[in-house]
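The values are calculated or read from the model by the stated rules, or taken from the named source; none is laboratory data. It should be emphasised that the depicted structure is a prediction, and the values quoted were computed from it without experimental measurement. In this analysis, Cβ positions are derived from the backbone assuming ideal geometry, glycine residues included, and neighbour counts consider all displayed protein chains. Remember, those area values only see protein heavy atoms, side chains included, never the ligands or the DNA or RNA. Shrake-Rupley method; radii C 1.70, N 1.55, O 1.52, S 1.80 Å.
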Amino acid sequence: GDMACGEYGLGRLAEPTAIMTAITAMLSTGPLSGKHIIVTSGPTHEPIDPVRYIANRSSGKQGHAIAKAAAEAGASVVLVSGPVTVPDPAGVQTIHVETARQMLEAVEAALSADIFIGAAAVADWRVADVAGQKIKKDGSGQLPQLSFVENPDILAGVAQSARAQNGALYCVGFAAESHDLLKHATAKRERKGVPLLVGNIGPATFGLDDNALVLVDAQGSQELPHAGKLILARQLVAEIARRLKA
């Protein structure tokens, strides 16, 4: 339409929040200034047929908030996002994927980073043989027979990479549990071989704007009490920056 300069065509002013985020990043002397960070966020969708897929209830709100908080702290951020409805954070390079294998490829392509934060709720399994056409009911009452295979473990793979093993890449994992959070988060941190594991009770936060986190490392655990997801993201980013400095 008509623009202020008198010309006609495509034109749109960026949102004020996006402008402020870009200015802040350019001028930032924040705790992660000069760092390159990869964040994964959201679920993955694993197709069954052209219509159906396997997924989980992750909304991506916490992972996207972490990417935003890292950008605010001065980092150069690549966000690898599964299918979500939340908008891409301003000042962040966002790569959209659907499946766990696509997410792995995007992460591996950006692994020259200083920090990896695996906040995505990656599907553990996928269907071994995806049907080329919609699987139809036949009235027999018999369920379709589906065989499953394990998806690649993105967090474990990154943690076992050469750069993570020699300390050049700092890895942060996430655990969304339904019960016994500290027990399962502690076990997952040891199993994945990451210095920091962030846990939450998934059913209590999926799709919501608030959360509560527990940080688990080799020294023990630390709670980040119930708050908005962006507030928690900023607290987590500050903790990561402090640990890197130490």
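Compute the Cα gyration tensor for segment 1-137, then decide on rounded, prolate or oblate, letting a ≥ b ≥ c be the square roots of its eigenvalues: rounded whenever a/c is under 1.5, prolate when a/b is larger than b/c in the other cases, and oblate in all that remain.
oblate
In bins 5 Å wide, starting from 0, what share of all Cα pairs of the chain does each bin hold, as a percent?
1, 6, 12, 16, 18, 15, 10, 7, 5, 4, 2, 1, 0, 0
Between Phe116, Phe206, Phe174, find the one with the highest GNM mean-square fluctuation for the chain; connect C-alpha pairs within less than 10 Å.
Phe206
When ligands, DNA and RNA are left out and all protein chains stay put, how many square angstrom of accessible area per residue does segment 9-99 have with a 1.4 Å probe?
Result: 49 Å² of accessible area for each residue.
Give, rounded to the nearest 20 debye, the magnitude of the charge dipole that the chain has about its Cα centre when Lys and Arg contribute +1 at Cβ and Asp and Glu contribute -1 at Cβ.
360 debye
Using the alpha carbon gyration tensor of segment 90-193, what are the three equivalent-ellipsoid semi-axes (square root of 5 times each eigenvalue), largest first, in whole Å?
Over the Cα atoms of segment 90-193, the ellipsoid semi-axes are 32, 19, 13 Å.
Which number do you get for Rg(Cα) / (2.2 N^0.38 Å) in segment 109-168?
1.78
Which of the helices in the chain, when you take each full DSSP H run, stretch at least 27 Å along the axis at their Cα atoms and have an average Kyte-Doolittle score of -0.5 or higher?
Correct list, ordered by number: empty.
With a 1.4 Å probe and every protein chain kept in, tell me what percent of the accessible surface of segment 115-163 is carbon plus sulfur.
On segment 115-163, the fraction of accessible area on carbon and sulfur atoms equals 49 percent.
Can you give the local net charge around Ile66? Use residues other than it whose beta-carbon is closer than 11 angstrom to its beta-carbon, Lys and Arg +1, Asp and Glu -1.
Once positives and negatives cancel, what remains is +3.
Sort 96-104, 118-126 by the packing proxy (mean of other Cβ within 10 Å over each peptide's residues), most packed first.
Answer by packing, highest mean first, reads 118-126, 96-104.
In deg cm²/dmol, rounded to 500, what helix-only [θ] at 222 nm does the chain give when every DSSP H run of at least 4 residues adds -39500 (n - 2.57) and the total is split over its residues?
Helices in the chain give a 222 nm mean residue ellipticity of -9000 deg cm²/dmol.
Pull up the cross-link candidates among the lysines for Lys192, meaning alpha carbon to alpha carbon under 16 Å and not fewer than 8 places away within one chain.
Those lysines meeting the cut-off are Lys183.
Please compute the Kirkwood hydrodynamic radius over segment 153-194, one decimal place, Å, based on all pairs of different Cα atoms.
Final number for the Kirkwood radius of segment 153-194 is 10.8 Å.
Against the 2.2 N^0.38 Å scaling, with N counting residues, where does segment 165-246 land? I'd like the Cα-based Rg ratio to two decimal places.
1.07
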